[in-house]
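What follows is a single structure, written as structure tokens, with notes after it.
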């Protein structure tokens, strides 16, 4: 019986993330089938979540917040600066200055034609060149999910990504698929997702670190809402 | 009418960050910037790296606030979890987790709270902090030591045993006893 194999003694270290890889895998496996141990784990996770409050306090320099808010401000404004209207406004200004005698209608027409050409050019070539720098990881199915396929698309800067799967079996309400980001034998959750009745699903990946810093990826079946570590059967996997 | 960010709870701030309101991030930093920085500096032992980590944590919050799930953790726990992983990852990347570096727990002496934090949040955080510190303070020194290495520096039990030249079984027992004691002393988060 499962009770003979309970891993209660390992749960405190599991919650702390300090088990060695083999033990952690054994605990994860056990948790998948043992609601008793899952319930036992919860308060230890709560404890681990509060420990930061017991760190000796240190005061960050005042400039740190200023730097942070400047960085945020740059992030907010940078995309605006790259948008089309900036180009158009410059072009319109140039035409107005260089051709004051033209009628208003001609000016508007030329500005519109030129701007739309620039916009189309940016869309066609800009997106194409960006797409070429994006990385795509093909995920291969395991014996547990024959016929399933998956693709993981990573943004040009390696930060973000989206997972698309097809052919995965729809799960009952108590289970979901969970993406694992694997590095140095450690597995971080990339998010949980479900698939539609046709087995198709999409997940905007939530990675604790830049996505491209994880060389391998796996998908397992987990209790709804996800698990701290993989506990269920692996259905898809792949590497950068 | 202007929003009074001081009066908003953490989850409301997160919702406003999702809507790209920098004032909400500013308020969140006022509440937890010090906590995140303290955790980072204690983990990596270097103020400059801790500043980078702190800034990265809040930039990440800015970029991914929509992924926060209130049912899984409090906002403060979410922030410190990101900070801890980021710090441990930094230590692993450097390949240096200096054995001599002192990672320690705070003592129980009262410390000044950041003045920018709203009174309600400051009180709540202060009470929570005191409760956790009081619980950790009740642990025997040898349990506090192994717990600090595991929590702040991400050591596995085997690494701790090697680092402290202790039998692995001893380390396992200390961590288990420490966590069991803390579990008994600390009520679950809301």
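Below is a table of values for the structure above.
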item: Residues of the stretch B:60-114 that turn out to be part of a loop (DSSP other than H, G, I, E, B), at the interface with another protein chain (Cβ under 7 Å from one of its Cβ atoms) and modelled with pLDDT of 75 or more, as a count; result: 4
item: Criterion (more than 7 Å from chain B (Cβ to nearest Cβ) and either modelled with pLDDT under 90 or surrounded by fewer than 20 Cβ atoms within 10 Å (Cβ to Cβ) (or both)) met by exactly one of A:26, A:76; result: A:26
item: Odd one out for residue B:172, checked against (1) outside the structural domain of residue B:30 (by TED's automatic domain parsing); (2) more than 17 Å from the chain's Cα centre (by Cα); (3) at pLDDT below 95; result: (3)
item: Enumeration of residues in the stretch A:214-225 that are under 24 Å from residue A:15 (Cα atoms) and either surrounded by fewer than 22 Cβ atoms within 10 Å (Cβ to Cβ) or assigned by TED's automatic domain parsing to the domain that holds residue A:11 (or both); result: A:216, A:218, A:221, A:223, A:224, A:225
item: Of all residues making up the stretch A:203-213, the number that are farther than 23 Å from residue B:69 by Cα and within 11 Å of chain B (Cβ to nearest Cβ); result: 1
item: Residue under evaluation residue A:11, criteria (1) surrounded by fewer than 17 Cβ atoms within 10 Å (Cβ to Cβ); (2) free of Cβ contacts under 8 Å to residues at least 60 places away in the same chain, criterion not met; result: (1)
item: Evaluation of residue B:176 against (1) surrounded by fewer than 23 Cβ atoms within 10 Å (Cβ to Cβ); (2) more than 8 Å from every other protein chain (Cβ to nearest Cβ); (3) assigned to a helix (DSSP H, G or I) (one fails), failing number; result: (2)
item: Residue satisfying all of: in the stretch A:177-202; within 14 Å of another protein chain (Cβ to nearest Cβ) and surrounded by 21 or more Cβ atoms within 10 Å (Cβ to Cβ); farthest from the chain's Cα centre (by Cα) among these; result: A:187
item: The stretch A:29-58 residues that are more than 7 Å from every other protein chain (Cβ to nearest Cβ) and at pLDDT below 90, paired with ones that are buried (at least 18 other Cβ atoms within 10 Å of the Cβ) and not in a helix (DSSP H, G or I) (beta carbon under 6 Å, 6 or more apart); result: A:30/A:7; A:31/A:231; A:32/A:231; A:32/A:232
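The values are calculated or read from the model by the stated rules, or taken from the named source; none is laboratory data. It should be emphasised that the depicted structure is a prediction, and the values quoted were computed from it without experimental measurement. Virtual Cβ from ideal backbone geometry, glycine too; neighbours counted across all protein chains shown.
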